[in-house]
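What follows is one structure encoded as structure tokens, with my remarks underneath.
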Amino acid sequence: QVQLVESGGGLVQAGGSLRLSCAASGSTLSRNAMGWYRQAPGKQRELVAGITSGGIPTYAVFVKGRFLISRDNAKNTVYLQMNSLKPEDTAVYSCAAKAGPLGGGYSPMDYWGKGTLVTVSS
């Protein structure tokens, strides 16, 4: 089993940057596909970025090259670097993990963190 704790959210001006971290405990992440998701109030949760156990990333179209997902398996941590932030990026960002390798895709994910709030002001 995997426990995930996100950090790094906060209030930032439009055009600014934040780096989110997802620290895992309970199991090593070396064999787990990981993802960052976000959900704004009244909107559906959506995949922002995913990364395979081998480090291959996947990004949502709305990222447009602004975000970068990475992982450090030695530290049991996954990161989401967010640059050129826009007000529409405001959401609760959650980290998720599969129980093992990517397998059939990023749905379903097996473990979820509680999320960290990102607010982008204009």
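Here the simple spin-label model places points 7 Å from the Cα toward Cβ, and for S70 and S122 these points are separated by 3.3 nm.
The Cα center of the stretch 1-53 and the Cα center of the stretch 61-80 differ in position by 8 Å. In this calculation the C-beta distance from S107 to A14 is compared with R0 = 35 Å, giving a FRET efficiency of 0.65.
Judged by the ratio a/c of the largest to the smallest principal axis of the C-alpha gyration tensor, the stretch 1-55 counts as prolate, that ratio being 1.5 or greater while a/b is larger than b/c. Surface composition of the chain: carbon plus sulfur atoms hold 52% of the accessible area, using a 1.4 angstrom probe and ignoring ligands, DNA and RNA.
Per residue, how much accessible surface does the chain expose to a 1.4 Å probe? Answer in Å², no decimals.
Values: 6210 Å² over 122 residues.
Spelled out: the 1.4 Å probe surface of the chain, per residue, equals 51 Å².
The label point for F62 and the one for K114, both projected 7 Å from the Cα toward the Cβ, are 2.5 nm apart.
The values are calculated or read from the model by the stated rules, or taken from the named source; none is laboratory data. Owing to the predicted nature of the structure, the values given are computational and were not obtained by experimental measurement. Cβ coordinates were reconstructed from backbone atoms using ideal geometry, including for glycine residues, and neighbour counts include every protein chain displayed. Just the protein is used for accessible areas: all its heavy atoms, side chains included, with ligands, DNA and RNA removed. Shrake-Rupley method; radii C 1.70, N 1.55, O 1.52, S 1.80 Å.
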